[in-house]
Amino acid sequence: MTAPNRTDPDASLSLLRRLADDAMDPGYQEATDRGDQRGADWRHSVAFGTVIALTAALVVAALLQVRAGAPGEGRTRAELTERVLETTSSVEAIDARLDGLISEVDLLRQTALDGSGSDRALADEVSALEAEVGVTAVEGQGVEVVLDDGPPAPVDQSSPDLSRVLDTDVQLVVNGLFAAGAEAVAVNGQRITALSPIRSAGEAVLVGFRPLTPPYTITAVGPEDLASDFEAGPARAELEQLESAYGIEVDVVPEENLSVPGRGDLQLRYATKGESP
Amino acid sequence: MIALLALVVGVVLGLVLQPTIPAALQPYLPIAVVAALDAVFGASRALLDGIFNDRVFVISFIGNVFVAALVVFLGDQLGVGAQLSTGVVVVFSIRIFANAAAIRRHLFHA
């Protein structure tokens, strides 16, 4: 059996109690007990005045800083923006270099296949296939579908905000356009290939692993009746439902002259280098 | 007298010079202000108790500000800067409250 605990019942609060009891610096009491003369020296007065002035300046500086809207925060944001811009420009430079290399490859292939009729036919087949799989840009008439977020719904943590354009909505349009006979489709300038996922990460819609921001412009090049086929298809009916139920803005515009960019960076997964003739 | 004069000089200096705190010191400014306020409240109470001593005040002021900033700086280096800032602010607020209560009792006898 343990001895009854005789310590102070609020011993656990002793820290707080001591804080409050010693609130005034014990040094004042000690100095008085020692019999220190106060204000005996002009240097003391100067030091005292300096400290008071320092306190006032400190408080004013802190107030000004807070009023200035926390420059630290602004600075961080500016730094982040700068880094984003820097990275974006470097990505653009790399993209430009990629485009140059692609056209160089094209040129080399053309010179390599510039011989007999069978070579010519092979070159034609290659460029036709390239347009189809999405390596090269495609131009022509087609249709442009613009999706934009509806008015924000009341916040509900349990389910995603359905007034936003979701990845499935973009998938719906892209699939509908392909079903209507589109030859080439791009979302916000990102060409859809057989290997382009359309998915969401958090609130962003990712197409080909690139995050896009609304409004989503889906450009499709295809036959003359692409627009009418799309309008008549099941995707359009579903879009209308999205429009009426969630306020998502859908805009379908047939265009005479559209350009869908190429993907450019398709890798050859199964092809191997052949024997040179 | 000196205190009032110094107060006015300090406010005017702060307003006129608009000192920009170096970015590296910015996290410590609020802590320093709270520590300084604590020293001032302690001094006011000592004044009312009749045991004010300017030497103790100057030393406690500088010590308070320096140690508070040092603790937060160490916390930053150890990755617990925010928590230690909270701790420092809590300790100083308790002291300020206690001193303010003592001053209130002195002034209003209530």
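The values are calculated or read from the model by the stated rules, or taken from the named source; none is laboratory data. Note that the coordinates shown come from a computational prediction; the quantities given were computed from them, not determined experimentally. Please note: Cβ atoms are built from the backbone with ideal geometry, for glycine as well, and neighbour counts cover all protein chains shown.
Among A:173, A:138, which is modelled with pLDDT of 85 or more and of a type outside the set (Ser, Thr, Tyr)? Matching residue, one of A:173, A:138: A:173.
Within the stretch A:218-229, the residues that satisfy the criterion of being surrounded by 17 or more Cβ atoms within 10 Å (Cβ to Cβ) and closer than 21 Å to residue A:134 by Cα are A:218, A:219, A:220, A:221, A:222, A:226, A:227. Remark: pairs (first residue in the stretch B:86-110, at negative phi; second residue among the basic types (Lys, Arg); Cβ separation under 9 Å; 6+ apart in sequence or on different chains) = B:98/B:45; B:99/B:45; B:100/B:45; B:102/B:45; B:103/B:45; B:106/B:45; B:110/B:104. Whether a residue is touching a Lys or Arg at 6+ places or on another chain (Cβ under 8 Å), surrounded by 10 or more Cβ atoms within 10 Å (Cβ to Cβ) and farther than 30 Å from residue A:232 by Cβ was assessed, and residue A:105 does not pass this test. Within the stretch B:20-41, track down each residue that is within 7 Å of another protein chain (Cβ to nearest Cβ), surrounded by 15 or more Cβ atoms within 10 Å (Cβ to Cβ) and modelled with pLDDT under 80. Those that are within 7 Å of another protein chain (Cβ to nearest Cβ), surrounded by 15 or more Cβ atoms within 10 Å (Cβ to Cβ) and modelled with pLDDT under 80: B:21, B:26.
Within the stretch B:63-82, being free of Cβ contacts under 8 Å to residues at least 40 places away in the same chain and surrounded by fewer than 16 Cβ atoms within 10 Å (Cβ to Cβ) holds for B:63, B:66, B:67, B:70, B:74, B:77, B:78, B:79, B:80, B:82. The residue of the stretch B:1-19 that is farthest from residue B:77 (Cα to Cα), among those that are facing chain A (nearest Cβ under 7 Å) and either aromatic (Phe, Trp, Tyr) or not in a helix (DSSP H, G or I) (or both), is B:18.
Restricting B:73, B:61 to those that are modelled with pLDDT of 85 or more and more than 7 Å from chain A (Cβ to nearest Cβ) reduces the list to B:73. None of A:150, A:115, A:142 is away from chain B (no Cβ under 14 Å), in a loop (DSSP other than H, G, I, E, B) and touching a Gly at 6+ places or on another chain (Cβ under 9 Å) except A:150. Residue pairs whose Cβ atoms lie under 8 Å apart, separated by 6 or more positions or on different chains, with the first residue in the stretch A:173-194 and free of Cβ contacts under 8 Å to residues at least 40 places away in the same chain and of a type in the set (Val, Ile, Thr) and the second crowded, with 24+ Cβ neighbours inside 10 Å and assigned to a helix (DSSP H, G or I), are A:187/A:170.
Residues in the stretch B:46-58 that are within 7 Å of chain A (Cβ to nearest Cβ) and either farther than 14 Å from residue B:98 by Cβ or out of contact with any Asp or Glu (no Cβ under 9 Å at 6 or more places or on another chain) (or both): B:51, B:52, B:53, B:54, B:55, B:56, B:57, B:58. Of the residues contained in the stretch A:193-208, one or more are found to be outside any loop (DSSP other than H, G, I, E, B), of a type in the set (Lys, Arg) and surrounded by fewer than 17 Cβ atoms within 10 Å (Cβ to Cβ). Between B:85, B:44, B:93, B:60, the distinction of being out of contact with any helix residue (DSSP H, G or I) (no Cβ under 7 Å at 6 or more places or on another chain), hydroxyl-bearing (Ser, Thr, Tyr) and surrounded by 13 or more Cβ atoms within 10 Å (Cβ to Cβ) belongs to B:93 only.
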